[in-house]
Amino acid sequence: MKRLALGTGIILFALFIGMARGQTGAAGAAAVPDTGKKLVDINSATPQELDALPGIGEAYTRAIIEGRPYKDKRELRWRKIVPRGTFEKIRTRITALTPRTDARPADKLEARPAEEKASPPPAAKDKSSPLLVK
């Protein structure tokens, strides 16, 4: 009985601490304040847009651009592109939209002649073909 009470107390304490830090939900996802500003996409932002973020200067801007593409904005921390404090300043102002990648780039597509595209198989052309079974 004491273990159950202790376990419940620990869970409630952890929830209270999480709420005090501004975290919500079981996963501890941070609440994003509605500032009315458009998020900066770190995959397509210009150097001027990145430089306008708090704590991001010329060196971090260059590192962010050289590290592209990003699947998640947290990659800035995971790949040690920006320090933790800087990331905490910008995390609610940035996003990492997945860059569009085509399966086959347009410059490698080959145009096929029209007769190749529409030609039926040889057996269908000739009714007297031995391949046809009646």
Looking for whichever is in contact with a Ser or Thr (Cβ under 8 Å, 6 or more places away or on another chain) and assigned to a helix (DSSP H, G or I) here; the options are L76, L50. Which one fits? L50
Give the residue that is modelled with the highest pLDDT, with candidates limited to residues of the stretch 19-64 that are hydrophobic (A, V, I, L, M, F, W, C) and more than 22 Å from the chain's Cα centre (by Cα). A59
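The values are calculated or read from the model by the stated rules, or taken from the named source; none is laboratory data. This one's a predicted model, so the numbers in the text were calculated from it and none came from an experiment. Every residue, glycine as well, gets a Cβ built from its backbone with ideal geometry; the counts of neighbours run over all protein chains shown.
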